[in-house]
Amino acid sequence: MEKDIIIRLHKNFEECAHRDGDVEFWYARELQVLLGYDKWQNFETVIEKAKAGCTKAKQLIDDHFADVSKTIHMPKGASKEIPDTKLTRYACYLIAQNGDPRKEEIAFAMTYFAVQTRKQEILEKRLAEWERIQSREKLTLSERELSGILFERGVDNQGFARIRSQGDSALFGGNTTNDMKKKLNVPDKRALADFLPDITIQAKDLATKITNHNVKKDEFFEGETKIDNEHVKNNRNMRDMLIKNGIYPESLPADEDIKKLERRVNSEDKKLPKQIQKLK
């Protein structure tokens, strides 16, 4: 996520925070706007999912969600009462967790409400970690889709492995998957992508998605060779784009083991309800 977007979102979320004594909270109606939801009815559905998650985490809903009413002004000087909800930081986190992951506001909110500090540099670091985890999950799904497409087109698992390896070789300038694993000290039984930086994971994912799209739309894409050529072309295009921006994927250092990162992030998230103040 671009730094200027992070700065803007950080400012918006900070300005909507309220306090009741020493307890920090947000109003659901204001959070709805912050998270990019146009209709209250749609946002109410997300709130209900968040409440279910609160119960599942063995937390009392009333400690984190408090129903209130709010007066809004109407035309011609009239006013009316509308329902609203006071939300703790943990409640907001659960709402973001159940929101639309395609919204950049949701990605930011997941981090903003998960960490205790307001320091922007800490938020940026955590957001980068969260985005890398999401990129890795997306790559897993796109590769799973490619495997299914290949099976339908008469290519077995060994053929899928060869196609994926040829794609890696095209992306990494002739370096095979095993070459890159040795270069980055990746354990033999672990996937290379688990140790790649986010930008390389996204490049692999986009190349795979393009392969999936083109093979699915063309019924004449049959057999390993044609699909392999398509996948190599798409990875080579990704490489060319990166190089034009001064990025050589085979020269980038390894990033933290994604499984270790996931464990740390999940552990921090599980501690959240115990650290957050409850509504009075």
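The values are calculated or read from the model by the stated rules, or taken from the named source; none is laboratory data. This structure is a prediction, so every number in the text was calculated from the model and none was measured. Quick reminder, even Gly has a Cβ in these numbers, built from the backbone with ideal geometry, and neighbours come from all protein chains shown.
Just a few scattered comments:
- Options 160, 172; residue that is crowded, with 18+ Cβ neighbours inside 10 Å, closer than 30 Å to residue 225 by Cα and touching a Leu at 6+ places or on another chain (Cβ under 8 Å): 160
- Residues in segment 244-269 that are part of a helix (DSSP H, G or I), touching a residue at least 40 places away in the same chain (Cβ under 8 Å) and closer than 22 Å to residue 122 by Cβ: 258, 261, 262, 265, 268, 269.
- The set of residues in segment 230-275 that are small (Gly, Ala, Ser) and closer than 14 Å to residue 196 by Cα comprises 251, 254.
- Taking each residue of segment 47-70 that is charged (D, E, K, R) and surrounded by 11 or more Cβ atoms within 10 Å (Cβ to Cβ) and looking for partners that are modelled with pLDDT under 95 and in a helix (DSSP H, G or I) with beta-carbon atoms closer than 6 Å, six or more apart or interchain, yields 51/61.
- Qualifying residue in segment 29-36 (condition: in contact with a Lys or Arg (Cβ under 7 Å, 6 or more places away or on another chain), under 20 Å from residue 270 (Cα atoms) and surrounded by 15 or more Cβ atoms within 10 Å (Cβ to Cβ)): no
- Any hit, segment 219-226, residues being of a type in the set (A, V, I, L, M, F, W, C) and either at pLDDT 85 or above or closer than 30 Å to residue 86 by Cα (or both): no
- Candidate set: segment 94-114, residues that are assigned to a loop (DSSP other than H, G, I, E, B) and either crowded, with 20+ Cβ neighbours inside 10 Å or not assigned by TED's automatic domain parsing to the domain that holds residue 57 (or both); chosen: the one modelled with the lowest pLDDT: 114
- Test: residue in segment 133-142 that is crowded, with 16+ Cβ neighbours inside 10 Å, free of Cβ contacts under 8 Å to residues at least 60 places away in the same chain, assigned to a helix (DSSP H, G or I) and in contact with a helix residue (DSSP H, G or I) (Cβ under 6 Å, 6 or more places away or on another chain): no
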